[in-house]
Every structure is written in C-alpha cells, then in structure tokens.
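Reviewing the structure listed below.
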Amino acid sequence: MKKGILVASGLVVAALGTYLIAGNIQKEGAEKHETTDIKKLVHDISAGKATAQSASINSSQLIVTGDDTQTINYDLPDNEFFVSIAPYVEQTHPCATHSLTGCQGEIKNGAFNVTVHDSEGNVIMENAAMKSQSNGFIDLWLPRDKTYRISVNHEGKTAETEFSTYEKNDTCITTMQLS
C-alpha cells in the first residue's frame, strides 16, 4: 500500500513538473512573439503596409489610433529602444516623439551607410548598408540605457550625432544635416 502511494505521488510530482516547465516555455515564446509583432507592426506602419489614423512611438510605447478612432497602446520591449533618424541636406522638421504616420524626411528610399558605436567603444553596426523608408526615415532598434554615436553617409556626404536610449529620451532624430 505504501509503495502504491509513493508511486502515485511520484507520478503526480512528475506530471506537475512537466506542466509547469511546459507552461513556462510557452510563456517565454509568447513574450518573444509579442516583441516580434510590435517590431513588425512598427515597420508595417512606417512602410505604409498597415494603415492607422495616427501612430506615434515614445520611449516605452507604440500608440496607434485606428481608422475606427480606437487607440491601442503597445508596450515596447524592455531591453530594446526604438529610434528613427531622418538625415537631410536641405529640409527637416523639429521632432522628439516619432510619428510613424506623420513624420516625413527629405531623403526617401535613399541608400545610406550607417555606423553606430556605444559610449564604451563597442561597435553596434559598422558601415551597414541601409535604405531609408518611403517616409525618409531609417528605423533602428538598439539596446536600452546606453549612449551612442552614429555616423550616416549618403552620396559622399556625412552627418554625425550622439543620442541616448534611456527612459524619456527622444525617438525621432531630425538634426543630422549631411555635408
């Protein structure tokens, strides 16, 4: 009788452990899926593949107002910061919080080489070939809570600036004049 109770108890413990481990794996996968969906949504709105009445992105949330005027706030990843950069030659606009549906940069669908280093000298990207979107912006997702130096080259002209990815920092950089 004691042996039967021990075997039954062992099976219950094994089943409970399997259930808890499987549930944790599913939860971790769901969190990763949500992050991927947010990045895709940001990209699709910026590229005009998804429509919204308005969409803006601050240091912690993507705020989307649909065509039905319902506003939905999406939390951004805890470890990544979104910043959108619009290098320009002649025209720019003042901006702090990037509007995915409103901000327009001067150089649409332009070819750029982008270099980003953090304040400790680590190379985040080196001379990466990138193309601005149809809104004239280059979107980047970078690790949070750091200061970066970025250099952008387009048709022989270069612009450089420093920016940070701390809570409450700007998500829109429109001050990089190419010369």
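Only the coordinates and a few stated rules stand behind these numbers; no lab work does. Given the structure is predicted, the values throughout are model-derived calculations rather than measurements. Please note: Cβ atoms are built from the backbone with ideal geometry, for glycine as well, and neighbour counts cover all protein chains shown.
The H on the amide N of SER59, modeled in the peptide plane, is under 5 Å from the matching H of LYS168, each at least 5 residues off or on a different chain. Over all pairs of different C-alpha atoms, the stretch 30-110 has a mean inverse distance whose reciprocal, the Kirkwood radius, equals 13.6 Å.
Cross-link partners for LYS168 among the aspartates and glutamates, with Cα-Cα distance under 20 Å and sequence neighbours closer than 8 places in the same chain left out: ASP75, ASP78, GLU80, ASP118, ASP139, ASP145.
Amide H to amide H, with H built 1.01 Å from N, CYS95 comes under 5 Å of THR174, counting only residues 5 or more places away or on other chains. Coupling constants for the stretch 72-87 follow from the phi torsions by the Karplus curve (6.51 cos²θ - 1.76 cosθ + 1.60, θ = phi - 60°), and in residue order they are 10, 9, 10, 6, 7, x, 5, 9, 10, 10, 9, 9, 10, 10, 10, x Hz; glycine and proline get x.
Extending 7 Å from Cα along the Cβ direction at LYS40 and again at TYR166 yields two label points whose distance is 3.5 nm. Distance between the 7 Å Cα→Cβ label points at THR51 and ASN113: 4.1 nm. Between the amide H of ARG144 and those of GLU80, PHE81, distances stay under 5 Å, these residues lying 5 or more places away or on another chain, with hydrogens modeled in the peptide plane.
Taking label points 7 Å from Cα along the Cα-to-Cβ direction, ASN73 and THR101 give a separation of 1.8 nm.
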